[in-house]
Amino acid sequence: MQQEPTRRQRWERRQRRRSIAVAALSSTTALVAVVLAVPRLPGYRKVRAAFFDGEIFVDTFGPLARAFLYDLQIFAWCAPAILMSGMAIALARTARSPALFPLRVAATVYTDGVRGVPVVLWIYLIGFGVPGLLQSRTWSNPVLWGSTALIVAYSAYVAEVFRAGIESVHESQRAAARSLGLSNTQTLRHVVLPQAVRRVIPPLMNDLVSLQKDVALVSFLGPVEALRRAQSFKSSLANFTPYVGAALLFLCVSVPLTRLTDHLLQRERRRMSATAIR
Amino acid sequence: MKLRLRGVRKSFGSKVVLDGIDLDVGEGAVVCLIGSSGSGKSTLLRCINLLEPLDDGVIELDGLDIAEPGLPPDPIRRRIGMVFQSFNLFPHLSVLDNVALAPRKVLGVPTAVARVEALELLARFGLADKAGDFPDRCSGGQQQRVAIARALAMQPELLLLDEITSALDPELVGEVLDVVRDLRQSGMTMILATHEMAFAREISDRVCFLDAGRILESGPPQQLFGAPQHDRTKAFLLRVIDAGRLER
């Protein structure tokens, strides 16, 4: 039997219809405004020709995409290495045992020092400095040292994110775990870290999205990845469209990555807590 | 199991919280600590579980001085269970895993066995249908019963209960106190810090009135509630009666 909708349900349905209408209207207005206004700007034609040349876009996109695979590869091995070393540094910073005091100091100096220097300088310092010191052909691969530089720099940022997560877990959780006889390490492993890591996933993703873009900095050392490929196209074609193509490629990875994280977090939150406040 | 405290002292900075506590708790005894907030009840329980280091004094568990500085605390904590005012369940683990975690990790019980035993404990307290839920989905009373089950899963010789009903809605207090009655029946040795005076009178073998970090007066509940000797005890009980927490 069909049930008569309640007063509340009727009201909610009306509200829903209204909000959809309002959203549609405002989106259309904004879109129309952009479509109509931007072409009227004085430099529109020049800019469109320089940045959005369809022919050049189609011609260069394939090689750019192949070069972008290089970025993805560098990202693929840097990200796990950064997460692991970042966690190790965070654990060293939050260690409470007096025997680990030197480690705690070293980790603090590391995070403070590394974060104070721009990433691109680390790329130059490590990418040119270390092979220069070693003077060995087998160990002069720029991708190796470029990746190392990224790992060195990003570990410090990620370590601080993990540390914030670890310190956000309330002391009473440690007390409960220790009162059950869990050791300090077991408490960290089974009680503190699982909660800490969940809490810092959004800022962590933020850092990973940054990393995904900063991978292009490795090109300063020579490897031809998407950004450098776009640069060489720009020089030979005297047009900026390849940069737009490269930007699209980077967006293709970072946007789904962010959406996926949001989705996972929301599912987790729904699973663990009773009701969401609307 | 025999617990013996002598001259237990503890300060936080310049504030003296425990000022020479002597206490004996025998096998199967139920001892209630009463007194106003800040009188040292919680700190005393935390000291017994070595969550707070003592400044001075002796805590003997079966003749072993567990307050000896430098003694590894984990094997001792295994023998002493603790339940907290704010439950302190692990929010990232299901109810079942909250109970099974310590047996698995500390005692090395295989996961399957630990889960079966945890489920039996939960069933004993009427929580079997909650086993798969996360703590956030449980009411306060259910959470506190899970916390008691979690402490019992380690089969402690002594259970410390730190104002376990203070964070609960009045209608949920009963279900938690029923669990404590059940434990008393089964012969569990317990020390409770509590503001539930009627319950303290009903359940304890001995009641200790703490005031400014000392046990000012202690005795069987009939004596302490019926004929308090000390003026401060009388004043405290009168305040409690005025607040409607104890019948005359």
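Nothing in this text is a laboratory measurement; each read-out follows from the coordinates by a stated rule. In this text the structure is predicted, and so the values were computed from the model without any measurement. Don't worry about glycine lacking a Cβ; one is built from the backbone with ideal geometry, like all the others, and counts go over all protein chains shown.
Brief remarks follow.
- Sub-6 Å Cβ pairs linking a first residue in the range B:145-169 that is touching a residue at least 40 places away in the same chain (Cβ under 8 Å) to a second residue that is assigned to a loop (DSSP other than H, G, I, E, B) and among the polar types (S, T, N, Q), at least 6 apart or interchain, are B:Leu160/B:Asn49; B:Asp162/B:Gln85; B:Glu163/B:Gln85; B:Ser166/B:Gln85; B:Ala167/B:Gln85; B:Ala167/B:Ser86, ordered by first then second residue.
- Of all residues in the range B:20-78, those satisfying the criterion of being of a type in the set (D, E, K, R), within 22 Å of B:Gly187 (Cβ to Cβ) and more than 14 Å from chain A (Cβ to nearest Cβ) are B:Asp24, B:Glu27, B:Glu60, B:Asp62.
- Residue match in the range B:202-224 (condition: surrounded by fewer than 19 Cβ atoms within 10 Å (Cβ to Cβ), part of a helix (DSSP H, G or I) and of a type in the set (S, T, N, Q)): yes
- Close Cβ contacts (under 7 Å, 6 or more residues apart or on different chains) running from residues in the range B:8-32 that are farther than 20 Å from B:Gly63 by Cα to residues that are outside any strand (DSSP E or B) and of a type in the set (A, V, I, L, M, F, W, C) comprise B:Lys10/B:Cys47; B:Lys10/B:Leu54; B:Leu18/B:Leu44; B:Leu18/B:Cys47; B:Asp19/B:Ala212; B:Cys32/B:Ala200.
- The set of residues in the range B:69-88 that are out of contact with any strand residue (DSSP E or B) (no Cβ under 9 Å at 6 or more places or on another chain) and over 30 Å from B:Asp169 (Cβ atoms) comprises B:Pro69, B:Gly70, B:Pro72, B:Pro73, B:Asp74, B:Pro75, B:Arg77, B:Arg78.
- Matching option when the condition is at negative phi, touching a Phe, Trp or Tyr at 6+ places or on another chain (Cβ under 8 Å) and basic (Lys, Arg), among A:Arg66, A:Arg115: A:Arg115
- Residue within the range A:264-277 that is more than 14 Å from every other protein chain (Cβ to nearest Cβ) and of a type outside the set (Gly, Ala, Ser) present: yes
- Here A:Phe57 clears all of (1) over 30 Å from the mean Cα position of the chain (by Cα); (2) assigned to a helix (DSSP H, G or I); (3) not basic (Lys, Arg) except the condition numbered (1).
- Residue match in the range B:120-135 (condition: of a type in the set (A, V, I, L, M, F, W, C), more than 11 Å from chain A (Cβ to nearest Cβ) and touching a strand residue (DSSP E or B) at 6+ places or on another chain (Cβ under 9 Å)): no
Residue-wise test of (1) out of contact with any Asp or Glu (no Cβ under 7 Å at 6 or more places or on another chain); (2) outside any helix (DSSP H, G or I); (3) buried (at least 17 other Cβ atoms within 10 Å of the Cβ).
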{"site": "B:Arg9", "(1), (2), (3)": "no, yes, no"}
{"site": "B:Thr43", "(1), (2), (3)": "no, no, yes"}
{"site": "B:Gly57", "(1), (2), (3)": "yes, yes, yes"}
{"site": "B:Leu71", "(1), (2), (3)": "yes, yes, no"}
{"site": "B:His92", "(1), (2), (3)": "yes, yes, yes"}
{"site": "B:Asn98", "(1), (2), (3)": "yes, no, yes"}
{"site": "B:Arg104", "(1), (2), (3)": "yes, no, yes"}
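- Matching residues in the range A:230-268 - criterion: being hydrophobic (A, V, I, L, M, F, W, C), exposed (fewer than 14 other Cβ atoms within 10 Å of the Cβ) and closer than 22 Å to A:Phe52 by Cβ: A:Ala238, A:Leu251, A:Cys252, A:Val255
- Residue-level analysis places A:Val191 among those that are within 14 Å of chain B (Cβ to nearest Cβ) and surrounded by 15 or more Cβ atoms within 10 Å (Cβ to Cβ).
- Test for A:Ala149: is it over 18 Å from the mean Cα position of the chain (by Cα), crowded, with 19+ Cβ neighbours inside 10 Å, of a type in the set (Gly, Ala, Ser) and at negative phi: no
- Selection status of A:Ala164, assigned to a helix (DSSP H, G or I), hydrophobic (A, V, I, L, M, F, W, C) and within 14 Å of chain B (Cβ to nearest Cβ): no
- Scanning the range A:49-103 for residues that are closer than 22 Å to A:Gln186 by Cβ and charged (D, E, K, R) turns up A:Arg93, A:Arg96.
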